[in-house]
Amino acid sequence: MKMVFRWFGEGNDTVTLDQIKQIPGVEGIVWALHDVPAGEEWPMDKIMAIKEQADQAGLHMKVVESVNIHEDIKLGLPSRDKYIENYKKTIVKLAQVGVKVICYNFMPVFDWMRTDLHKELKDGSTALFYEKSKIDGMDLFAQVKRINENPNFTMPGWEPERLERLSELFDAYRNVTEEHLFANAKYFLDEIIPVAAEHDIRMAIHPDDPPWPIFGLPRIITGQANVRRFLQLHDSPYNGLTLCSGSLGANPANDLVAMAHEFADRIPFAHLRNVRVYDNGDFIETSHRTQDGTVDMSGIVQALYQNNFEGFCRPDHGRHIWGEQCRPGYGLYDRALGIMYLWGLWDAYDKQIRTEKAVETI
């Protein structure tokens, strides 16, 4: 397991590279060019600027999250081909700076959805919260404004310029079904995966967050059967999964341990975080500790260990603790605590196996 940490870039993150490299076991950053609109080819000078900063800090930049997919690709419009060509050109450039994994998603319009960015927990910390009853009557335009109320931080998936066409996009998706989305994903994969394979970059689809349709929009990366189907659309080790325990874990029917076992050889990247799911369908993000949520974090890490997981892993969303002022879900303190918990689990399993092997040789 190779530990990495998401970083939004200089001037766009409260967490510094110096702080990241002090977290035990962290060897690289998970990055992106957040100011480049979806569909555009990434400029090499901007890529190199990130590389220079990472190099100076002694951190690698092998994982990108995300090279966003233009809506025309998801919609299957004739214009998709030019955006796919831009995507290919970006893959080639990323390979030149040592990138090995591209995390991306195929969610229509929204990358994620929460109803409250700072819901208070019993211990006084706050976290991202999803209240199911609020979704149906939600004013989406007001929610866009709330999520982007701090102009100092970009909120991936909720970029203002991306959502200026909100009404237009909903109209465009009006007759798009799950089957259409799978077909459009296959078209994209058939074009992209050969290029990714040629340049030794593994594409890693991120699950839908939450893992069910919202606002009448179809979603396809929602559970074990659909992940299996997606990976079979283009059966290649370069068509992989970002195993996100928080996204998939919002639906208690998803068996994350079973998924870690089944898809082990197709998981180049893992987002590990915990959520507590309530009987009414609400869920809130918690500490990474197994007992604090509904997700079997211990079992997931054990499954990865048992399958000799050598991919990249990062703590995902953290709580806001100790008065930290940061981008919602992306502070330093709770994610650093999460890393130490994940390492604790991994080291414990490693010691257990080594002890058992030593006993067998006696």
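Since every read-out is calculated from the coordinates, none of them should be taken as a lab result. Since this is a predicted model, take the numbers as computed values, not measurements. We place every Cβ from the backbone using ideal geometry, glycine too, and count neighbours over all the protein chains shown.
Sorting Arg327, Arg289, Arg114 from the fewest to the most surrounding beta carbons within 10 angstrom yields Arg289, Arg327, Arg114.
In this simple spin-label model, placing a label point 7 Å from the Cα along the Cα-to-Cβ direction at both Asn307 and Phe215 gives a separation of 3.2 nm. Within the chain, which whole H helices from DSSP have a Cα span along their axis of at least 15 Å and a mean Kyte-Doolittle hydropathy of 0.0 or more, if any? Once both thresholds are applied, what remains is 178-198.
In order along segment 63-77, the phi-based Karplus estimate (6.51 cos²θ - 1.76 cosθ + 1.60, θ = phi - 60°) of 3J(HN,Hα) comes to 10, 10, 8, 9, 9, 5, 9, 5, 4, 5, 5, 5, 7, x, 7 Hz; Gly and Pro are listed as x.
Near Arg202, the amide H atoms lying under 5 Å from its own belong to Val101, Ile102; only residues 5 or more places off or on other chains count, and H is placed 1.01 Å from N. Take the Cα radius of gyration of segment 223-282 and divide it by 2.2 N^0.38 Å, N being the number of residues; the result is 1.17.
Taken about its Cα centre, the chain carries a charge dipole of roughly 360 debye when the Cβ of each Lys and Arg holds +1 and the Cβ of each Asp and Glu holds -1. Taking a straight line from the alpha carbon of Lys134, these lysines sit under 25 Å away, with near neighbours fewer than eight places off in the same chain left out: Lys119, Lys122, Lys145.
In the chain, the DSSP beta bridges split such that about 30 percent are antiparallel, to the nearest 5. Pick out, from Met44, Gln224, Val92, the residue whose Cα sits farthest towards the positive end of the charge dipole of the chain, with +1 on the Cβ of Lys and Arg and -1 on the Cβ of Asp and Glu. Going by the charge dipole, the pick is Gln224.
Of all segments of the chain bounded by GluC sites (Glu not before Pro) found in a DSSP loop with no more than 10 other C-beta atoms within 10 Å, the longest spans 150-309. The ranking of Lys74, Lys21 by Cβ neighbour count inside 10 Å, starting from the fewest, reads Lys21, Lys74. Cross-link pairs exceeding 23 Å in C-alpha to C-alpha distance, out of Lys62/Lys186; Lys46/Lys74; Lys21/Lys357; Lys46/Lys100, comprise Lys62/Lys186; Lys46/Lys74; Lys21/Lys357. Could you calculate the FRET efficiency of Val359 with Asp45 from 1/(1 + (r/R0)^6), where r is the beta carbon distance between them and R0 is 56 Å, rounded to 0.05? Efficiency computed from Cβ-Cβ geometry: 0.50. Normalised by 2.2 N^0.38 Å, where N is the number of residues, the C-alpha radius of gyration of segment 257-362 stands at 1.21. Between the beta carbons of Ser79 and Asn12, assuming R0 = 45 Å, the FRET efficiency works out to 0.95 to the nearest 0.05. Under the criterion of Cα pairs below 8 Å and six or more residues apart, the relative contact order for the chain equals 17 percent. Going by neighbour counts of Cβ atoms within 10 Å, the residues Thr242, Thr16 line up, fewest first, as Thr16, Thr242.
Only helices enter this figure: runs of n ≥ 4 DSSP H residues, each worth -39500 (n - 2.57), summed and divided by the residues of the chain, yield -12000 deg cm²/dmol at 222 nm to the nearest 500.
The Cα-based radius of gyration of segment 2-361, divided by its Kirkwood radius, gives an Rg/Rh of 0.94.
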